[in-house]
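K.L.:
Here you go, one structure.
The values are calculated or read from the model by the stated rules, or taken from the named source; none is laboratory data. Quick caveat: nothing in here was measured; it's all calculated off a predicted structure. Don't worry about glycine lacking a Cβ; one is built from the backbone with ideal geometry, like all the others, and counts go over all protein chains shown.
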Amino acid sequence: MTRRRMGLPIRRPQTLPLSPGCDIAIPNRPDIALTDLRTMPDRRGPILLCLGLILVYPLFSVPVQASIHTLAPGLGEIGARVVTEGAIWLYAVIVLAIALFWERRTLASIGLGKFTFASLGFGVGGALLIAGAGALVAYVVYGLLHQPEHADAQAAALVGGSVVYAVCLAVRAGVIEEIFFRGLAIEQLTVLTGRRWLSAFVATAVFVLIHALHFDWIQLVPIAAVSIVLAGLYLWRHDLWANILAHFAVDAAGLVTLALQAHRLSH
């Protein structure tokens, strides 16, 4: 005879509260600690693979982007840019697919829920804060400490005087870098370590260091300031749309300005 027929209350399985990175509900098991659930082998495999691919991402994207000059004689400048950008985006899609289909993570777990007016507002606010923080640190490094500044020349070399390509680079940086180093890295490291702030620190440090492949070491100081703001915005809002918008707006403003300046000089 069932409990319902006997007039007894039905006992429903309880679930443990998990962090935003753990989007699976697991029946209450007093004999299993939450930290053990977070490091179950079936999740650890795809998490480690994703983190490894994120770590080596710049070792893939930088040479691929540099190959534009090699491909241009055969494909043309535009064709070479389309091919290289397509390869980099494909890499990002593969990493995200591993997280979604193997780790069984949801987009909402990395802050990609519904885009709202709040996302827009905090994205614009984040962009203004990033611009202010970057300008302040740049003034200290280049104005007060008189360190040589090569960032503009290096970024101008990337865009090659094309406004359209500058926007494409800003979109790629805003989307892929935020998904990799804020959404996935912070959430997946939190699953492994159980410490959200430590995970954000590690992800931010790696994000800053990979820019050494593009820029001089002194340029990493303003980049670090920007990265701290982006990490703080994600930890506060858990809204990756706001991060993407802020990141894109700042990069687009800088890269498009450099592209226009290069275009004027060449004409």
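K.L.:
Is it the case that ARG182 is surrounded by fewer than 20 Cβ atoms within 10 Å (Cβ to Cβ) and either closer than 28 Å to LEU96 by Cβ or modelled with pLDDT of 95 or more (or both)? It would help to see each step written out before you state the result.
P.N.:
Values: surrounded by fewer than 20 Cβ atoms within 10 Å (Cβ to Cβ): no; either closer than 28 Å to LEU96 by Cβ or modelled with pLDDT of 95 or more (or both): yes.
Taking the combined requirement at face value, the residue does not satisfy it.
K.L.:
I've got another one for you. Starting from residues that are crowded, with 16+ Cβ neighbours inside 10 Å and at pLDDT below 90, keep the ones in segment 196-219 and report whichever is farthest from LEU51 (Cα to Cα).
P.N.:
Looking at the filtered set, the residue picked out is GLN219.
K.L.:
Among the candidates ALA80, ALA135, single out the residue that is free of Cβ contacts under 8 Å to residues at least 24 places away in the same chain, of a type in the set (A, V, I, L, M) and crowded, with 17+ Cβ neighbours inside 10 Å.
P.N.:
Of the residues listed, the single one that is free of Cβ contacts under 8 Å to residues at least 24 places away in the same chain, of a type in the set (A, V, I, L, M) and crowded, with 17+ Cβ neighbours inside 10 Å is ALA80.
K.L.:
Looking at LEU258, LEU233 in this structure, which one is under 14 Å from the mean Cα position of the chain (by Cα), crowded, with 19+ Cβ neighbours inside 10 Å and either within 17 Å of ALA135 (Cα to Cα) or in contact (Cβ under 8 Å) with a residue 24 or more places away in the chain (or both)?
P.N.:
Values: LEU258 fails: under 14 Å from the mean Cα position of the chain (by Cα).
Only one candidate passes the filter, namely LEU233.
K.L.:
If you don't mind, another one. Looking at ARG81, ARG104, can you tell me which residue is modelled with pLDDT under 95, in contact with a helix residue (DSSP H, G or I) (Cβ under 7 Å, 6 or more places away or on another chain) and either part of a helix (DSSP H, G or I) or among the basic types (Lys, Arg) (or both)? Let's see the steps before the verdict.
P.N.:
Details: ARG104 fails: in contact with a helix residue (DSSP H, G or I) (Cβ under 7 Å, 6 or more places away or on another chain).
None of the others qualify; the one that does is ARG81.
K.L.:
Checking ALA200 against (1) touching a residue at least 60 places away in the same chain (Cβ under 8 Å); (2) assigned to a helix (DSSP H, G or I), which test does it fail?
P.N.:
(1)
K.L.:
From GLY111, GLY123, grab the single residue that is at pLDDT 95 or above, in contact with a His (Cβ under 7 Å, 6 or more places away or on another chain), closer than 20 Å to ALA231 by Cα and surrounded by 15 or more Cβ atoms within 10 Å (Cβ to Cβ). Break it down into steps so the answer makes sense when it comes.
P.N.:
Details: GLY123 fails: in contact with a His (Cβ under 7 Å, 6 or more places away or on another chain).
Of GLY111, GLY123, the one residue that is at pLDDT 95 or above, in contact with a His (Cβ under 7 Å, 6 or more places away or on another chain), closer than 20 Å to ALA231 by Cα and surrounded by 15 or more Cβ atoms within 10 Å (Cβ to Cβ) is GLY111.
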